[in-house]
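Let me begin by presenting the structure, written as structure tokens, before commenting on it.
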Amino acid sequence: MCRDRLRVLLPNAQENYYKKLDLVPNSYISNLGRAIVIISNPIKYGSNGAQKQF
């Protein structure tokens, strides 16, 4: 379920936020297709950026 909600952050998704919220100018939309989007869980990392062990 969480992955479905985060799908809007993928540039090639139908209802992505970049188009829907007009975050990226139309002239740059095609460049998003070449981007690598990494979605991580910030809770997994400590304040110093090191990965926490659970």
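FYI, it's all coordinate maths here, none of it is from the lab. Remember, predicted model here, so these are calculated numbers, not experimental data. Positions of Cβ are backbone-derived with ideal geometry, glycine not excepted, and every protein chain shown enters the neighbour counts.
In plain terms, the residue of LEU9, LEU21 with the fewest other Cβ atoms within 10 Å comes first and the most crowded comes last, giving LEU21, LEU9. For the stretch 2-44, the Kirkwood hydrodynamic radius from C-alpha pairs, put into Stokes-Einstein at 25 °C and a viscosity of 0.890 mPa s, yields a diffusion coefficient of 219 µm² per second.
Students often check this: by mean Cβ neighbours within 10 Å, which of 12-19, 29-36 ranks highest, and how do the rest follow? Kindly include the intermediate steps, with their values, before the conclusion.
Details: 12-19: 13.5, 29-36: 10.1.
For the peptides 12-19, 29-36, the packing ranking is 12-19, 29-36.
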